[in-house]
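Where a number appears in this text, it was derived from the coordinates with a stated rule and is not lab data. Note that the coordinates shown come from a computational prediction; the quantities given were computed from them, not determined experimentally. Reconstructed Cβ throughout: ideal geometry from the backbone, glycine too, with neighbour counts over all protein chains shown.
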Amino acid sequence: MNDNRRISVGLVGLGRLGRQHAENLAFRIPHCTLTAVCSVKEEEVVAAQRELSVPYGYTDYEEMLQNTELDAIFIASPSGFHCKQIEQAFAAGFHVFSEKPLGLSIEEALRVREAVQRHPDQVFMLGFMRRYDRSYAYAKRQIDAGAIGEPVLVRCYGLDPAQAMPTFLKFAKSNYSGGLFLDMAIHDFDLARWYLGAEAETVWAIGGSHRYPEFEQLQDAETGAALVQFGSKKMGIFVASRNCAHGYHIETEIIGTHGSLRIGTNPDKNQVVLMDERGIVQECTSGFLERFEFAYVDEVIEFIRCIREARKSEVTVADGIQSTILGYACKLSFETGQLVAVQSVVSTGK
């Protein structure tokens, strides 16, 4: 392959995360050109074209897929569109990057797997960006090197800032994302599988809407927790909330037979400490785009490299399926109040 070849990308979805991806694709990813953008909101398309110097803009996804200048499609649309848009992009001959989740049901996730298998020469990558965060990647290298012995338990906190609640509720009422477990905690489920090297077997999930009862109308929880039994008697403890007073707090602990690792125990914005009449104050990260800024860049750099080098991504469709299955099992346990065997969820193909 020509070492100077640039990969031409069309992006669909220009919401908060989609817009950040667009800026990264336009300015921060080597050997990449953002050639087209698509959104059902014409004003988002016009703004992206003007501000990012994007040649083509569309309000119709299928029309963008007819653009023969493109090599790859980048999907950052709402979760409910992922499955169909992935299938369409593969059928049109493109490499595909999709934000998580694969779909809002196990059935949709399995449909994506079939699409990937039908097109073995096309690259597929799913946006589990925490694997590309430098701290999380370093922890994985430590585990693989035996620094903590055999990993046996993962504890994850995923807490979104309360100040973002009005915006989130407005979005959630018109765009079903899969809820607390399928949409938000799915990153933690992926990390647990990655670190433990095991699959979930049994789950028990609970939750409630204590400050924002509006979540009950969405059949969702404002704050929830799940206890998961993995294979080989390994364990996972997951806490997720959209009501974190101090900001965006993502914390992970991996306990092994000879030690433990912690990531993000103090969600510091930076290394500045303010000392005044209030005492000692250190600001917290404000949101996921700030905390995982470089992870979002590094994952896309890897996607472009995979295309240029004609190789597969280490983040596979199987990772997306297994995390979706676990998320759906937790959702079902939360809704029914029952212990759920993961295999029973798989067999129903919900």
key: the stretch 264-298-the stretch 71-101 distance, computed between alpha-carbon centres (Å)   = 33 Å
Of the DSSP H helices in the chain, those whose Cα atoms cover at least 27 Å axially and whose Kyte score averages -1.0 or more = 317-336
note = Relative contact order in percent for the chain (Cα pairs under 8 Å, 6+ apart) equals 20 percent
query = Could you give the length gained on full extension between residue 214 and residue 282, defined as 0.36 nm per residue of separation minus the Cα-Cα distance, in nm?
reply = 21.3 nm
ask   = Listed here are the pairs 173/312; 140/269; 100/173; 100/170; which of them are more than 27 Å apart at the Cα?
value = 173/312
key: Residue order, fewest to most beta carbons within 10 Å, for 128, 292, 168   = 168, 292, 128
request  = Would you order 324, 33 from fewest to most other beta-carbon atoms within 10 Å of each residue's own beta-carbon?
outcome  = 33, 324
